[in-house]
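Report on one structure; see the data block that follows.
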Amino acid sequence: MEWLQNFLPLTFDRAVVWIGVLCTIAIYSLLYRENPFYRFFEHMYIGLAAGYSLGPLGVDILYRYWIEPIWVQGYWAWAFVVPFGLYLYFIYSERYGWVSRLVIGLLIGASAGLFFQEFSSRYLVQLNSTLQRPLWFSASNPDLTVGNLIQNYIFLAILLTVMTYFTFSYQQKGTVKGIATAGRWFLMIGLGAIFGNTVMARMALLIGRAYYILSDWLLIRVGG
Amino acid sequence: MTWQLNPQDQWLWIWAIVLGAFVLVLGLIPLLQVLPPRGRRALVVGITFLAGLFFAAEFFMPVNEEQKNMLTPAIQPAQNLLQLIGALALGLGTYGLVRLHLKNVVQKRTQWGYSVVLLVSFVTMAFFSIWNTLAEKELAPKTPLLENSFKLLFDFTLVQLDAAMFSLIAFYIFSAAYRAFRIRSIEASILMFTAMVVMIGVVPLGAYISYDLMGFSAEPTPEGASFVQMLVHNLGLPKVANWILTSLNAPAQRAIEFGVGIGGLAMAIRLWLSLERGIT
């Protein structure tokens, strides 16, 4: 009797748990087949997600980077940014549509310029660390063990074979084709590992949902 | 000319400048319209090039002892500007979504009822999300209505739907894997074997099979162990899974990343110089 009292949605805290479970079941109903119950919650999900983004991504940024600099700090030049950004909204106009490309051009140009920085801070660092791997015993590498040395050779071999597989500038035949095939197999190991990790991450979410239904909704004690 | 005004004393000036900026920038459109198609393209190409040049120049220009050059102080405001325009672009996406579903409702297209659901949930959530953002900045009152409504809409509806939607993918991954692994090739076998080892190795089941059932050593390799001893100490599934992830997966990933990096750099240069015709 006490369990039933706690289970039923008689308080706000219980009602919201019931709503959460209803959402979960509605989404999982797709596993049976496409149905109106799923479609209802799917549209609600899209509406809620789009509506939510207006707060932290719209109003918050507008306040932090436009209203605050102008009306709190007094930097008046920022006043020109929003009207210029509003050019984007002319994209739906047949006559003035081209002005939206001024803003899109600015965004694309800036992204391209920023990629130089990203290339340096991300890829060159990786290249550097790859090339610094010791491949023989020397006085400058006193801590190098046989195990580490083998690992370094394996690392380099996989890197070079996979890169050979992705080189399409010339026809792959003979020895190069053999190396590229080995690269494809190594790539399968990498993709298998990613696949395994992705499955486990999704399983963790699935377990989380099952835990929510069993523990929070049905009030069944699960685990320790 | 001063770039900063005193908001307390010169608020009238600030309002006048903001209004003037709107009139000036939006009033520029009829003038821009006079440009011939080649002139318009030249303007877009010029803005694209200058925007890219600014960030590229800041990166390539020599720096002083403080790791700065003459453009460095302008980087943060430039990034803020991009954030601001990005936020306006988000509004454009939202506008497109609402426009489409409003059309569905007005024209009573097939299944327009779902568009009503979307619009109602959008308006409700937008109202409370904006109110909540303003309340966090102490620009609006934080009432129990706001707290309960936002909790209901965000924590107990949106978050739940989000988690359910993403966990649903687990089923489709299994289904896709079943179909993929039915193709009997060396590549599919390698992929399946690696995935199995990683999946079992990273959960307690892998440790149970390796250490409790098969009796492999769970201890780390002792100092000064021979190569054979090292191998014997690392045959447990969790250690093999870890080795696959760090020693076999990492170089394959890095090779892919190098390819992505070089391709990205080539594409960035093409975009910067407006050689990609379809965009600018």
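Which value in deg cm²/dmol, rounded to the nearest 500, describes the helix-derived mean residue ellipticity at 222 nm for chain B, given -39,500 (n - 2.57) per DSSP H run of n ≥ 4 and division by the residue count?
Dividing the helical sum by the residues of chain B leaves -23000 deg cm²/dmol.
Report the relative contact order of region A:93-224, percent, no decimals, based on alpha-carbon pairs under 8 angstrom and at least 6 residues apart.
13
Indicate the gyration tensor shape class of chain B (rounded, prolate or oblate), computed on the Cα atoms with a ≥ b ≥ c the square roots of the eigenvalues: a/c under 1.5 is rounded; otherwise a/b larger than b/c is prolate and the rest oblate.
Note, shape of chain B comes out prolate.
Name the shape class, rounded, prolate or oblate, that the alpha-carbon gyration tensor gives for region B:92-189, where a ≥ b ≥ c are the square roots of its eigenvalues, rounded holds for a/c under 1.5, and otherwise prolate holds if a/b is larger than b/c and oblate otherwise.
oblate
What three numbers, in Å, describe the spread of the alpha carbons of region A:23-74 along their principal axes, ordered from the longest?
59, 14, 10
If the label point is 7 Å along Cα→Cβ of A:Thr181, which residues in region B:165-187 have backbone nitrogen under 18 Å from it?
Of the residues in region B:165-187, B:184-187 have backbone N under 18 Å from the label point off A:Thr181.
Please work out whether chain A counts as rounded, prolate or oblate from its C-alpha gyration tensor, where a ≥ b ≥ c are the square roots of the eigenvalues and a/c under 1.5 means rounded, while otherwise a/b larger than b/c means prolate and anything else oblate?
Cα axes put chain A in the oblate bin.
Calculate the translational D of region A:77-132 in whole µm² s⁻¹ from Stokes-Einstein, where the hydrodynamic radius comes from the Kirkwood formula applied to all Cα pairs, the temperature is 10 °C and the viscosity 1.306 mPa s.
Translational diffusion coefficient: 116 µm²/s.
Round to the nearest 0.05 the FRET efficiency obtained for B:Leu53 and A:Leu219 when R0 = 51 Å and r is the Cβ-Cβ distance.
0.20
Volume per residue, Å³, of the convex hull around the alpha-carbon atoms of the protein assembly as shown?
268
Which whole-percent values make up P(r) of region A:150-224 when all C-alpha to C-alpha distances are grouped in 5 Å steps starting at zero?
Taking every Cα pair in region A:150-224, the percentages come to 4, 14, 14, 13, 10, 8, 7, 6, 6, 7, 6, 3, 1, 0.
Put +1 on the Cβ of each Lys and Arg and -1 on the Cβ of each Asp and Glu in chain A; which of A:Trp185, A:Thr175, A:Leu30 then has its Cα farthest toward the positive end of the dipole?
My answer, from the dipole projection, is A:Thr175.
Tally Lys/Arg at +1 and Asp/Glu at -1 over every other residue whose Cβ is under 15 Å from the Cβ of A:Arg101; what's the total?
Here the count lands on +3.
Taking the Cβ of A:Thr164 as the center, what net charge do the other residues with Cβ under 15 Å away carry, scoring Lys and Arg +1 and Asp and Glu -1?
Here the charged neighbours net out to +4.
Per DSSP H run of n ≥ 4, the term is -39500 (n - 2.57); total these for chain A, divide by its residue number, and report the mean residue ellipticity at 222 nm rounded to 500 deg cm²/dmol.
-19000 deg cm²/dmol
List the residue ranges in chain B for DSSP H helices whose C-alpha atoms run 30 angstrom or more along the long axis and whose Kyte-Doolittle average is 0.0 or above.
Correct list, ordered by number: B:11-32, B:37-60, B:72-106, B:112-136, B:159-181, B:250-272.
Under a plain spin-label model, where a point goes 7 Å from the Cα along Cα-to-Cβ, how far apart in nm are B:Lys151 and A:Trp136?
Going by the 7 Å Cα→Cβ label model, 6.9 nm.
Treat each spin label as a single point 7 Å out from the Cα along the C-beta direction, and report the A:Tyr96 to A:Ala210 distance in nm.
Those two pseudo-labels are separated by 5.7 nm.
Can you tell me the equivalent ellipsoid semi-axes for region B:151-217? Use √(5λ) from the Cα gyration tensor, largest first, whole Å.
33, 22, 7
Putting +1 on Lys and Arg Cβ atoms and -1 on Asp and Glu Cβ atoms, find which of B:Leu134, B:Phe181, B:Gln160 reaches farthest to the positive end of the dipole of region B:110-181.
B:Phe181
In nanometres, what is the gap between the two model label sites at A:Phe7 and B:Gln4, each 7 Å from Cα along Cα-to-Cβ?
For A:Phe7 paired with B:Gln4, the spin-label model returns 6.5 nm.
How high is the FRET efficiency between B:Lys142 and B:Leu26 when r is their beta carbon distance and R₀ equals 41 Å, given to the nearest 0.05?
So the FRET efficiency works out to roughly 0.70.
Please build a GNM for chain B, connecting alpha carbons under 10 Å apart, and tell me which residue among B:Leu191, B:Leu19, B:Leu118 fluctuates the most.
B:Leu19
When all C-alpha to C-alpha distances in region B:183-272 are sorted into bins of 10 Å, what percent of pairs does each bin hold, rounded to whole numbers?
15, 30, 27, 16, 8, 3
Given the C-alpha centroids of region B:31-101 and region A:124-187, what is the distance between them in whole angstrom?
Measuring centre to centre over Cα atoms gives 39 Å.
Once you mark the trypsin sites (Lys or Arg not before Pro) that are in a DSSP loop and have at most 14 other Cβ atoms within 10 Å, what is the longest gap between them in chain A?
Segment A:96-172 is the longest.
Put A:His43, B:His233 in order of accessible area, largest first, 1.4 Å probe: what do you get?
Order by accessible area, largest first: B:His233, A:His43.
Just to be sure I follow the definition: excluding the sites themselves, where is the longest run in chain A that has none of the GluC sites (Glu not before Pro) in a DSSP loop with at most 11 other Cβ atoms within 10 Å?
A:95-224
Among residues other than B:Gly236 whose Cβ falls under 11 Å from its Cβ, what is the net charge (Lys/Arg +1, Asp/Glu -1)?
-1
Using only alpha carbon pairs under 8 Å that are at least six residues apart, calculate the relative contact order of chain B and give it in whole percent.
15
Could you compute the longest span of chain A free of chymotrypsin sites (Phe, Trp or Tyr not before Pro) located in DSSP loops and having at most 14 other Cβ atoms within 10 Å, not counting the site residues?
Maximal segment without exposed cleavage sites: A:33-135.
The values are calculated or read from the model by the stated rules, or taken from the named source; none is laboratory data. The structure displayed is predicted, hence computed values, not measured ones. Neighbour counts run over all protein chains shown; Cβ positions are idealised from the backbone, glycine included. These area figures cover heavy atoms from the full protein model, side chains too; ligands, DNA and RNA do not enter into them. Shrake-Rupley method; radii C 1.70, N 1.55, O 1.52, S 1.80 Å.
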